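The values are calculated or read from the model by the stated rules, or taken from the named source; none is laboratory data. Remember, predicted model here, so these are calculated numbers, not experimental data. When we count neighbours, we look across all protein chains shown, and the Cβ atoms used for this are built from the backbone with ideal geometry, even at glycine.
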Amino acid sequence: MRGPDVQWYVVLSAILFSTGAIGVMLRRSPLIILLSVEIMLNSANLLLIAFSRLHGREDGQIFAISVMAVAASEVVVGLGLIVALGRRHVDLDVDKLRTLRG
Amino acid sequence: MANFLVWVVWVVAAFASLASALAVVSFSNPFYSALSLIGNLASLAVLFLLLSGEFVAAGQVLVYGGAVMVMFLFVIAYLGDKTEESPWSGGPSWQVVGAVLAGGAILAEVIVVVGLKAGNFLSSPQPIGRSFGTPAALGRLFLTDHLLAFEVTSIVLLVAAVGGVVLGAHARPVDEPSPESHART
């Protein structure tokens, strides 16, 4: 295997995951929270593919593709909720969304 | 020489992904955040290529960088100007300090565990054949060993599509007066 060993990928993935987690904790706009969740999912994907390469088996890549499909579904539902909020002229701030009653 | 080139590509892609991830978290305008997430996804696709995941890299660019991000940008443009303050402006609050501490704790735990438990194991990857990560190999695996995961994924996508339609179709503006109340007044 040319280039860096798998532990470098692990470290990079950990940094990306904690960056996304900090974004989820800090930001108040639900749009940016969704974007930060995407960063976290992608760092998990990077780790899956790195370990798939380490073991020389493709099962990790299969798992990564499934994660991608789940992430796309999550974005569809999340953006649908955000658009529904925007149409009702609700303030897009997760600290102010206290009830789920329509 | 080839090894050196791979290292250079890796370092550039890794720093690009880190910088764009920080930009996603820091930008006050969600539009800029979404644009820098596209950069993050593209540099991760480069890393996938270095790990011989050709099909996953192509899927990353097509599905994420294409479809998902276009949907994000459409929704952000539809909602209009939703700029909020950057989390770093206005001095450190307890929320910023707590979130950064929690993120640093996750990072430190992962690195300590990997350093203690998996040092030599991680630097000896198994040899792979030429067909590793190609669409043909992944497709065969998907339709033999992982058929259940494949079918469940299709159901998840169907449910998400139905959910998106339901959420989009039934959301009416509530502050508009309905015809009956208008007729009564």
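Which one is modelled with the lowest pLDDT among residues in the range B:160-185 that are of a type in the set (A, V, I, L, M, F, W, C) and surrounded by 13 or more Cβ atoms within 10 Å (Cβ to Cβ)?
B:171
With respect to residue B:56, determine if the residue is closer than 24 Å to residue A:59 by Cα and in contact (Cβ under 8 Å) with a residue 60 or more places away in the chain.
It is true that residue B:56 is closer than 24 Å to residue A:59 by Cα and in contact (Cβ under 8 Å) with a residue 60 or more places away in the chain.
Residues in the range A:62-71: is at least one in contact (Cβ under 8 Å) with a residue 40 or more places away in the chain, in a helix (DSSP H, G or I) and either facing chain B (nearest Cβ under 7 Å) or surrounded by 21 or more Cβ atoms within 10 Å (Cβ to Cβ) (or both)?
no
Please enumerate the residues belonging to the range B:116-129 that are surrounded by fewer than 13 Cβ atoms within 10 Å (Cβ to Cβ) and within 9 Å of chain A (Cβ to nearest Cβ).
Scanning the range B:116-129 gives B:119, B:121, B:124, B:126, B:127, B:129.
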